[in-house]
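Bear in mind that the values in this text are calculations on the coordinates, not laboratory data. If you're wondering where the values come from, they're calculated on a predicted model, not measured in any experiment. For neighbour counting, all protein chains shown are included, and Cβ atoms are generated from backbone atoms with ideal geometry for every residue, glycine included.
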Amino acid sequence: MMEPAVESEEMHYEGNCIRPPSEAYSILLQVTVGCSHNKCTFCGTYTDKRFRIKEDKIILGDILFAAKYMKRQNRVFLMDGDALIIPQKRLMWILDRIKEHLPWVKRVGAYANSKSIRMKTLDELVRLKENGLGILYLGVETGDPGLLKEIHKGTSAENLIKMGKKVREAGIKLSVTVLLGIAGRERSLLHARATGKLLSAMDPNYVGALTVMLIPQTPLHDDYISGKFNLPSEKELLLELREMIANTDLSRGMFFSNHASNYLPIKARLPKGKQEALDMIDCALKGEIGLRPEWMRAL
């Protein structure tokens, strides 16, 4: 028999907590602490945390808190870095408790990585979908095979494509993140083309382009300080974004670069809005459209 829920007058959050921009108004339910991979060279989000799944009584206590104080929010986002890694039985239990105590919630979302998707069978993903899991956010970063190894992503381009398709086949919406600038200056356009081709093969519902920001005490920041990594200029990042969109063909998807880290916010529905997005970037390159000032950029 499970221990009683831990009642509290606040949610139980530990350490840095992040969520996708599209989950800004969601109930943020921290069901894991940290990231199950936590090796990416550019990421410093979870370096202060040792990965673990939170106790059921804590999770239930937070759901009961949300039931009492968050009745206007109709979405739930499961934090931290990779909630899909939770074993199927426990994850189904969490979704059951959300349905039981938050019946007004229309969608549950979570971060995923290629490992956690691989560990779930297609049938298990379908059952998660049927139980309320409506969207997964997958960090792709790049389609360049060599670069994936360099940034310690722990997967290959082929595997990312396969896992992305698996999510789509289960009927779960797929939102992927790519990183502008992660290849440095020398391989910028190669990274852009390879990433566009990966996105075309995967065909996600949403693509969110972020610009890499150097975080102290990460391997990428160390490479920058030592001169091994050269961050592209504003113009080079715009050219990279243009090349990536030019090489991306989605059957029906949204391409965003509206994250606060980017210099030029774009929202394009592909394939219809592809040329309009390219034209907008061309205008920015000519100086006809202003870019986001440095002081406004953030993670």
message: With under 16 Å from the mean Cα position of the chain (by Cα) and part of a helix (DSSP H, G or I) as the only criterion, which of VAL140, VAL167, VAL207, VAL176 stands out?
response: VAL167
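Does any residue of the stretch 19-26 turn out to be under 25 Å from THR177 (Cβ atoms), free of Cβ contacts under 8 Å to residues at least 40 places away in the same chain, part of a loop (DSSP other than H, G, I, E, B) and aliphatic (A, V, I, L, M)? It would help to see each step written out before you state the result.
Step one: filter the stretch 19-26 for residues under 25 Å from THR177 (Cβ atoms), giving 19-26.
Add one more test, that the residue is free of Cβ contacts under 8 Å to residues at least 40 places away in the same chain, and what stays is 24.
Subsequent filtering for residues that are part of a loop (DSSP other than H, G, I, E, B) retains 24.
Next, only the ones that are aliphatic (A, V, I, L, M) stay: 24.
Yes, some residue in the stretch 19-26 is under 25 Å from THR177 (Cβ atoms), free of Cβ contacts under 8 Å to residues at least 40 places away in the same chain, part of a loop (DSSP other than H, G, I, E, B) and aliphatic (A, V, I, L, M).
Residue by residue, here is whether (1) more than 18 Å from ILE98 (Cα to Cα); (2) free of Cβ contacts under 8 Å to residues at least 40 places away in the same chain; (3) in contact with a helix residue (DSSP H, G or I) (Cβ under 9 Å, 6 or more places away or on another chain) holds:
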position: ARG50; (1), (2), (3): yes, yes, no
position: ILE59; (1), (2), (3): no, yes, yes
position: ASP62; (1), (2), (3): no, no, no
position: LYS68; (1), (2), (3): no, yes, no
position: LYS71; (1), (2), (3): no, yes, no
position: ARG75; (1), (2), (3): no, no, yes
message: If I ask for residues that are among the aliphatic types (A, V, I, L, M), closer than 30 Å to GLY184 by Cα and either out of contact with any Phe, Trp or Tyr (no Cβ under 8 Å at 6 or more places or on another chain) or surrounded by fewer than 22 Cβ atoms within 10 Å (Cβ to Cβ) (or both), which ones from the stretch 109-137 would you list?
response: ILE117
task: Consider only pairs whose beta carbons are under 7 Å apart and that are at least six residues apart or on different chains; among these, list those whose first residue lies in the stretch 267-285 and is over 10 Å from LEU250 (Cα atoms) and whose second residue is of a type in the set (Asp, Glu) and surrounded by 13 or more Cβ atoms within 10 Å (Cβ to Cβ).
output: none
